[in-house]
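The next block holds one structure in the form of structure tokens; read it before the comments.
The values are calculated or read from the model by the stated rules, or taken from the named source; none is laboratory data. As the structure is a computational prediction, the values presented were derived from the model and not from experiment. Cβ coordinates were reconstructed from backbone atoms using ideal geometry, including for glycine residues, and neighbour counts include every protein chain displayed.
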Amino acid sequence: MRLHRPHDVFPADSHRLRHEQRIPIAVPPAAVGKAAAHAVSAAALAFLFAVSLPFAAQAQTRTGPLFPRLGAYPIGDPHNYDSGTFRDLALKHHVVIVGQWPGWQWGHSMTMAAVMNDIKTRSTVGTKMFLYVNNSDVADPQTPLDPYYPVWQKLNAEHWWLYQSGTIGVPVRSTFGANYGVANTTNFTPPDTLGKNWIRWKADFDYGFNVMGDPNDAPNSIVDGFYMDNVFWTPRNQGDWNRDFTTDCNKPNTFQPCNDVEARWMRDGYRSYFDYIRSIWRPGTPGAGGLQVGNIADWGDPLAVLDVLDQQLDGGVMEGMIGETWSVETRLGFDAMMQWYRKMIDATRAPKLVIFGHDRWASGNYQDMRYGLASTLMDDAYYYINLPGVDGNTSYDPSQLQWFDEFDFSLGYPIQPRQEAQWSQGVWRRDFDNGIVLVNPKGNGQQTVDLGGTFRKLSGTQDPVTNNGAIVTSVTLAERDGIVLSR
């Protein structure tokens, strides 16, 4: 039998954003009256509070994993998570998102629970692991033997698809492709005979085979939570979202066609999903914690209204921050990318397990890797870099998980809050316990900067010209380059 893989059934569509446009204070002498003394004391307290604010912000970043923080999002083919090579690299990452389908274990040498148990048991960095789920895009099955055939069948029986008008007809086609239908992810879908609408039924289905287990899937008490794809702030499809026999989302912008009211319907639906999944995946139930993360790739848009989704996710993936034709950095530049970065990470709640995605890395281009890593390190996200597939598109291939010399150097914790502006000559800098990180943005030209102290280049084998162990007081960076230096 042919099993559809998650990338076939619920792919992480690497093209989804292609068309897109987070003094010292003198103490008064004893002769000063009580009122004056109290005034000065108040001033002193106000001063101490004010100067303590930067340190309070800094202290918030001195918890959790040390830096650099690394994430992995290998949800694509060949889904060979039982590979020893994959597991040996995955255990070095702090956040790992993988994907399986019902019955995945029968084509592999380990169950998903065994894979996760091996990785988490051997990890020295506290690796957290998530499973990919998707509520919005469902492939047309080829046969009744396809693992997600029951999902497609249920959508048909309950008329939970998104239709152009009303509740019958051909489901709206997905941006994933013509062989995918769009499920209605709002709260407008009616309940079935057991009182479950699409949102709750699908959550039960995913939790059932991924966590509780069934005849084809071993129980998994190791997984930390789900990664929900496509948690966008506004829909990408026209259709009758509120099922009133009128097509919604008719704005000229076909990529984001919905008005504010229509966009809120989908956000309300995802808020309902997160509330429900947490109600069944709570402390004391199987699973290591029920953390919930999602695809937040468009949350950084200046137009994005997050309202009911703000502070609901424990993290997310900022897909394609660098490397795609649709990447913000490609279209709008470095400063815009960093503004999106800040808006997205700020919209998640602690522990803020947010992955910074760097796509289509050309093997051997270490300057490009350093640029992505250093950009990530200006804030607190987890860096993930991936190679393109044979077709040139982003592959998210587990067998292509990368490791670099810079990953082996522990920066410790930042001694500065996140950086929001250039430090010198257009170059950004952030200081850490054990070193410093510099990044020279796109469009800034080559820059030579004085470091204001003595530092040492890393000693590496991948790019020994750059990482040559030299002691330096200044460095020269090309544009779109970065560097990690030790103290």
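Restricting the range 349-370 to residues that are within 28 Å of Gly64 (Cα to Cα) and basic (Lys, Arg) leaves a set whose member that is surrounded by the fewest Cβ atoms within 10 Å (Cβ to Cβ) is Arg349. Output yes when any residue across the range 114-128 is touching a Lys or Arg at 6+ places or on another chain (Cβ under 7 Å), farther than 19 Å from Gly208 by Cβ and part of a strand (DSSP E or B), and no when none is. No, the range 114-128 contains no residue that is touching a Lys or Arg at 6+ places or on another chain (Cβ under 7 Å), farther than 19 Å from Gly208 by Cβ and part of a strand (DSSP E or B). Within the range 370-381, no residue that is modelled with pLDDT under 95 sits with its Cβ atom under 7 Å from a residue that is among the small types (Gly, Ala, Ser) and not in a helix (DSSP H, G or I) at 6+ positions apart or across chains.
Rundown of residues vs (1) small (Gly, Ala, Ser); (2) surrounded by 18 or more Cβ atoms within 10 Å (Cβ to Cβ), yes/no style:
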{"site": "Ala347", "(1), (2)": "yes, yes"}
{"site": "Leu377", "(1), (2)": "no, yes"}
{"site": "Asp380", "(1), (2)": "no, yes"}
{"site": "Ser395", "(1), (2)": "yes, yes"}
{"site": "Ser399", "(1), (2)": "yes, no"}
{"site": "Phe409", "(1), (2)": "no, yes"}
{"site": "Gly412", "(1), (2)": "yes, no"}
{"site": "Arg418", "(1), (2)": "no, yes"}
{"site": "Asp433", "(1), (2)": "no, no"}
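For Lys202, the requirement of being closer than 28 Å to Asp314 by Cβ and touching a strand residue (DSSP E or B) at 6+ places or on another chain (Cβ under 6 Å) is not met.
Per the conditions (1) surrounded by fewer than 16 Cβ atoms within 10 Å (Cβ to Cβ); (2) within 24 Å of Arg282 (Cα to Cα); (3) out of contact with any Lys or Arg (no Cβ under 9 Å at 6 or more places or on another chain), the sole criterion not satisfied by Val211 is (1).
The single condition among (1) under 23 Å from Gly107 (Cα atoms); (2) part of a helix (DSSP H, G or I); (3) under 21 Å from the mean Cα position of the chain (by Cα) that Ile222 does not satisfy is (2).
Could you list, in sequence order, all residues of the range 378-404 that are hydroxyl-bearing (Ser, Thr, Tyr) and assigned to a loop (DSSP other than H, G, I, E, B)? Walk me through how you get there before you give the answer.
Looking only at the range 378-404, we keep the residues that are hydroxyl-bearing (Ser, Thr, Tyr), and these are 382-384, 394-396, 399.
Result: Ser395, Tyr396.
If you filter the range 83-95 down to residues that are among the hydrophobic types (A, V, I, L, M, F, W, C) and part of a helix (DSSP H, G or I), you find that the one that is surrounded by the most Cβ atoms within 10 Å (Cβ to Cβ) is Ala90. Somewhere in the range 327-338, is a residue assigned to a loop (DSSP other than H, G, I, E, B) and in the same structural domain as Tyr73 (by TED's automatic domain parsing)? Within the range 327-338, one or more residues are assigned to a loop (DSSP other than H, G, I, E, B) and in the same structural domain as Tyr73 (by TED's automatic domain parsing). Here the range 231-273 is the region considered, the condition is being surrounded by 18 or more Cβ atoms within 10 Å (Cβ to Cβ) and among the aromatic types (Phe, Trp, Tyr), and the residue that is farthest from the chain's Cα centre (by Cα) is Trp241. In the range 319-329 there is at least one residue that is under 20 Å from Asn135 (Cβ atoms) and either under 13 Å from the mean Cα position of the chain (by Cα) or surrounded by 16 or more Cβ atoms within 10 Å (Cβ to Cβ) (or both). Residue count for the range 254-283 satisfying the condition of being among the acidic types (Asp, Glu) and in contact with a Cys (Cβ under 9 Å, 6 or more places away or on another chain): 1.
Of the residues making up the range 382-393, those that are surrounded by fewer than 23 Cβ atoms within 10 Å (Cβ to Cβ) and either touching a strand residue (DSSP E or B) at 6+ places or on another chain (Cβ under 9 Å) or outside the structural domain of Val293 (by TED's automatic domain parsing) (or both) number 2.
Of the residues making up the range 63-82, those that are crowded, with 18+ Cβ neighbours inside 10 Å and farther than 27 Å from Asn134 by Cβ are Pro65, Phe67, Pro68.
Taking each residue of the range 405-419 that is under 13 Å from Gly435 (Cα atoms) and looking for partners that are among the hydroxyl-bearing types (Ser, Thr, Tyr) with beta-carbon atoms closer than 8 Å, six or more apart or interchain, yields Phe409/Ser486; Tyr413/Thr61; Pro414/Thr61.
Taking the condition of being of a type in the set (Val, Ile, Thr), crowded, with 20+ Cβ neighbours inside 10 Å and closer than 20 Å to Trp198 by Cα, how many residues in the range 120-173 meet it?
Step one: filter the range 120-173 for residues of a type in the set (Val, Ile, Thr), giving 121, 124-125, 127, 133, 138, 143, 151, 167-168, 170, 172.
With the extra rule that they be crowded, with 20+ Cβ neighbours inside 10 Å, the set shrinks to 127, 133, 138, 151, 172.
Restricting the remaining residues to those that are closer than 20 Å to Trp198 by Cα gives 133, 138, 151, 172.
Number satisfying all stated conditions: 4.
Taking the condition in a helix (DSSP H, G or I), more than 20 Å from the chain's Cα centre (by Cα) and of a type in the set (S, T, N, Q), does Asn80 pass? It is false that Asn80 is in a helix (DSSP H, G or I), more than 20 Å from the chain's Cα centre (by Cα) and of a type in the set (S, T, N, Q). Restricting attention to the range 339-375, the residues that are assigned to a helix (DSSP H, G or I) and either of a type in the set (D, E, K, R) or closer than 26 Å to Leu291 by Cβ (or both) add up to 12. Residues that are in a loop (DSSP other than H, G, I, E, B) and of a type in the set (D, E, K, R) were ranked within the range 430-487; the one that is farthest from the chain's Cα centre (by Cα) is Arg487.
Out of curiosity, is Gly213 under 21 Å from Gly76 (Cα atoms) and modelled with pLDDT of 95 or more? Before you say what the answer is, go through the steps one by one.
Numbers: under 21 Å from Gly76 (Cα atoms): no; modelled with pLDDT of 95 or more: yes.
No: the conditions fail for Gly213.
Would you mind stating whether Asp397 is farther than 17 Å from Ala374 by Cα and of a type in the set (Asp, Glu)? Spelling it out, Asp397 is indeed farther than 17 Å from Ala374 by Cα and of a type in the set (Asp, Glu). For Val427, the test of being farther than 30 Å from Val96 by Cβ, surrounded by 20 or more Cβ atoms within 10 Å (Cβ to Cβ) and within 26 Å of the chain's Cα centre (by Cα) is passed.
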